[in-house]
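Bear in mind these aren't lab numbers, they're just calculated from the coordinates by the rules spelled out. On a predicted model such as this, the values are computed, not experimentally measured, just so you know. Glycine also receives a Cβ, built like all others from the backbone with ideal geometry; neighbour counts cover every protein chain displayed.
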Amino acid sequence: MVHKQRSIFEYMSSRKTVGNDQQTTVSTPTVVKIEEETKKEERIEMFCPICEFELTRYTLEARSVHVNRCIDPPLGKRASPQKKRPKTADSVKVEGETFLEPLTLPSGTTTQEDTRQIKEEQTDKGKKRRRSGKVKPPIPDHKILSFPSAGEENVIAVDAFCYSPHASISIYLLTHFHSDHYGGLCKSWDNGEIIICTPITSRLMQLKFKFPQERMFILENYGVPTSIPGTDVQVTVYDANHCPGAGIYVVECSGTRYLHCGDFRASSDMIDKLSAIYPTGFDKCYLDTTYLDPTYTFPNQSEVVSSTSEWIKQKCAIHKSKQQRVVDFFRSRAAHGFDTSEFLVVIGTYSIGKEKLALGISKALNTGIFCPKEKYEILKQYEWDELTQRLNTDDGMNCGVHLLPLGKTRKDMMVEYLKKYASKYKAIMVVVPTGWTYGYGAKQGAGNNAEAKPVKTQIEQMVDSFERGFNVGGSRGDFVTVRKIQVPYSEHSSFAELSQFVQCLDVREWIPTVNMGSVGKQLQLIRQLQGAG
């Protein structure tokens with residue numbers, strides 16, 4: 001497989017410029033930012049894989065926030081690649097409110113022109129919200145599944161709830177419960193008669209929208225072909241290895257078979273299963289192309305969870321034994337009756353997803369998971385006993401892992417957050433799960449063809465970057481109270497996994513569903529991958 005991919009990378013051009021790396025600096029010897037280093041090297045032009053906005057001059061943290069919001073917006077929709085984003089701020093909806101969080105430029109300044117641009121965008125957005133009767137766009141072709149020689153009753157729209165009604169479509173399918181896929185849904189939505197979904201997605205729809213269950217067609221059993229009433233369509237769902245309730249869907253009608261991947265993380269097991277069950281392949285595959293670019297490489301998800309969890313466990317134990325102080329001794333026992341712990345682990349998340357990482361860290365530390373009550377109500381819908389029994393909404397002090405919205409994990413917010421729990425925890429370790437920055441911009445050429453490195457090597461590099469920051473010592477006054485680590489954990493397929501998926505699966509026609517502004521380039525790369533398979 002590595003040999004086959006090597007020939008593909010030779011086709012790819014590198015987007016590089018040479019100059020000072022403006023990504024990061026360490027301002028003082030005592031402030032540790034693990035993901036930040038100052039050095040002169042080749043600078044990679046970075047672009048958001050979703051909206052294609054250039055992120056080169058922003059800090060790594062700002063880049064991650066931007067891309068995570070594009071991949072999994074709190075309540076809004078993915079930004080269109082045709083629309084320009086503001087250069088110093090990202091507009092994000094949280095619990096129905098819009099706020100602006102600056103994306104820090106290398107100089108640390110925001111110009112008046114930038115500020116004026118932000119205010120103008122806020123005003124424009126406000127005007128758009130006040131408009132009534134605005135005509136919605138039609139459903140894009142890549143969201144419509146239609147079958148040759150089949151009647152109109154067999155047409156299905158996928159993740160297409162924010163578009164105008166379609167005269168020939170009464171059946172909709174929701175692949176999973178992320179807002180860029182369910183956008184447009186509400187209790188009164190009536191563009192279609194039924195929505196096909198999984199049990200978890202059904203429960204989340206009822207929780208959030210109070211959407212009537214009688215209007216859902218729930219695929220109760222994974223891997224079991226199910227006929228859709230009033231049609232000749234048969235649908236089979238398989239686990240997408242994305243977020244809870246996410247599925248990949250095999251849709252069949254009149255001798256034609258489609259595979260819709262929604263959002264997914266491909267694996268060898270998934271490929272083997274599909275190949276064995278459907279030996280004649282698929283007429284079309286609607287592919288999640290979020291990371292269809294050789295610069296996006298990150299390790300296997302399960303290896304990341306286990307290795308990160310074990311590393312955090314060891315780090316907590318080592319630092320507790322090395323830095324326990326007399327003042328901590330008396331404070332913990334005399335005032336509270338328990339030992340202080342080195343780190344409170346805070347995991348930044350949006351919406352649903354990333355639970356595997358939280359559970360892995362919780363198990364390694366033998367501690368509970370604290371989350372807001374609203375988050376708990378969402379997680380409860382998974383009916384995932386191993387997770388639910390570790391959740392707590394009342395006792396944050398005795399839970400060593402906390403789940404918080406990513407937007408609330410800024411350093412200044414974490415400093416204030418630690419004050420609530422300072423009697424037990426001496427520092428906060430913020431864990432930011434993100435796949436897109438890891439390995440981005442790997443050099444291409446002899447000896448390094450941008451191919452994914454062995455999992456162990458990638459994880460060792462990750463750990464080394466953590467260690468460089470954590471080995472910085474100092475006096476009590478210099479003790480670093482907030483540390484942030486970027487963990488290469490993604491719920492989308494890496495380029496290597498997409499390559500394997502394309503090369504090994506028998507598909508007559510591939511249809512990209514992400515980054516629609518560059519469909520031509522994506523199809524060209526897919527053809528190259530198929531030719532190397």
In what sequence, highest mean first, do 394-400, 275-281 appear when ranked by Cβ atoms within 10 angstrom? 394-400, 275-281
Beta carbons within 10 angstrom, averaged per residue: use that to sort the peptides 344-354, 304-314, highest first. 344-354, 304-314
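Give the shape of region 141-291 as rounded, prolate or oblate, defined through the alpha-carbon gyration tensor: a ≥ b ≥ c are the square roots of its eigenvalues, a/c under 1.5 means rounded, and otherwise the shape is prolate if a/b is larger than b/c and oblate if not. Each step should come with its number before you reach the end.
Details: a/c = 1.63, a/b = 1.20, b/c = 1.35.
Oblate, because a/c is 1.5 or more while a/b does not exceed b/c.
So which of 373/426; 210/354; 208/380 end up more than 20 Å apart by C-alpha? Could you put the intermediate results ahead of the total?
Working: 373/426 25 Å; 210/354 25 Å; 208/380 13 Å.
In this structure, 373/426; 210/354 lie more than 20 Å apart at Cα.
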Once each part is reduced to its C-alpha centroid, what is the distance from region 251-290 to region 506-533 in angstrom? 14
May I ask you to derive the relative contact order of region 141-291, considering only C-alpha pairs under 8 Å and at least 6 residues apart, and to give it as an integer percent? 17
Ordering of 136-149, 363-376 by packing [mean C-beta count within 10 Å, highest first]: 363-376, 136-149
